[in-house]
């Protein structure tokens, strides 16, 4: 424990050493939001109708999960005991850390990746071992396997894999994931499939094959429920059962449960929005190449582009035009910008604005 200068209570060293997460800035609502991979058209009308039917009495009752879990489990084609609802994937990561990570344990990440893997691991007191994507944004499969095959006492407690990865958009192939899981006999493996709808690749059925596998999903992307924070963890019942001991009794609120059910009840909306984004992403990739950027093949709802020395000026100029994109600073050099793919109309607006800047 260490004391802060202005406080007289002990503060954990792990907390004092944390870098706060760079959340979206305020005042984004009236801008074209292509910076945090959100749904740019909003949720299904079916969700809004369901929310409008919530009664005052229902708002006064603590959430009940059994029936919602059954219906969502059918949608994901798992058994209810194989699914645990969380307050977004962030809550799932916190729960993993609280359940499996002791002070001083090592965890493994491949960076750049979702910042919250490192955040919650370090908050739990873990030592973060970080491998890196190479210059072609390729996942270092062999290096990961080499770390996992160390003696049990030296193996990482948890391995985090975002698939597709954020911010690179790249995908670890199914056979590569199989090799990793076969090597991870002493390591819990989380495969974060937040962008599954846009990649089409999932290993969710593998939870019955690998006892140390957890798969995460979210309703924040294609379903457009980022404001309500709904996520799911999938794994073997005995694995999730242990995790529930460390969890809170009501991690997801009743309004979010209603919205999640309504979202999966409108698969036509989900398919339509996903199809629109994939077409928009293809348009975005072609447009960025035409403007001179180097891009990396994406399987998500965004594209990583290398603009070199003009990147910072581009991000600022787009902001002045009411268009938000995200400059990345988690690479060895500056120049990388992550741009979300919204609708095709969004992409056309973005590309026209960029043509006037570059």
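Which FRET efficiency value, to the nearest 0.05, is calculated for residue 175 and residue 253 with the Förster distance at 35 angstrom and r the Cβ-Cβ distance? Once rounded, the FRET efficiency stands at 0.30. Relative contact order, percent, of the chain when contacts are C-alpha pairs under 8 Å separated by at least 6 residues? It comes to 22 percent, rounded to a whole number. Each 5 Å bin, from zero up to the one with the longest distance, holds this percent of the alpha carbon pairs of region 6-156: 1, 6, 10, 12, 14, 15, 15, 12, 8, 4, 2, 0. Take the alpha carbon gyration tensor of region 251-295, find the square roots of its eigenvalues, order them as a ≥ b ≥ c, and report rounded if a/c is under 1.5; if not, report prolate when a/b exceeds b/c, else oblate. Oblate is the answer for region 251-295, as a/c is 1.5 or above yet b/c matches or exceeds a/b.
Can you give the FRET efficiency for residue 246 and residue 154, using 1/(1 + (r/R0)^6), R0 = 30 Å, r = Cβ-Cβ distance, to the nearest 0.05?
Efficiency, from the Cβ-Cβ distance: 0.75.
Placing a pseudo-label 7 Å from each Cα along the Cα-to-Cβ vector at residue 115 and residue 333 gives an inter-label distance of 2.4 nm. The distance between label points at residue 345 and residue 9 comes to 5.0 nm (points 7 Å beyond Cα on the Cα→Cβ vector).
Just the number, please: Stokes-Einstein D of the chain in µm²/s, Kirkwood Rh from C-alpha pairs, 25 °C, 0.890 mPa s. Answer, rounded: 114 µm²/s.
Report summary: the helix-based calculation at 222 nm, which adds -39500 (n - 2.57) for every DSSP H run with n ≥ 4 and divides by the residues of the chain, gives -11000 deg cm²/dmol.
Shown for 193, 38: other C-beta atoms within 10 Å of each C-beta, ranked fewest to most, produce the order 38, 193. Taking other Cβ atoms within 10 Å as a rough exposure proxy, 143, 90 sort from fewest to most as 143, 90. DSSP assigns beta bridges within the chain; of those with both partners inside it, close to 50 percent run antiparallel. For region 100-184, the equivalent ellipsoid derived from the Cα gyration tensor has semi-axes of 20, 16, 10 Å, listed largest first.
Here the spin labels are modelled as points 7 Å beyond Cα on the Cα-Cβ line, and at residue 26 and residue 130 they lie 3.0 nm apart.
Among rounded, prolate and oblate, which fits region 27-115 when a ≥ b ≥ c are the square roots of the eigenvalues of its C-alpha gyration tensor, a/c under 1.5 means rounded, and a/b larger than b/c means prolate? In terms of gyration-tensor shape, oblate.
Taken together, the values in this text are just the output of simple stated rules run on the coordinates, not laboratory data. What you see is a predicted model; the values in this text were computed from it and never measured. Glycine also receives a Cβ, built like all others from the backbone with ideal geometry; neighbour counts cover every protein chain displayed.
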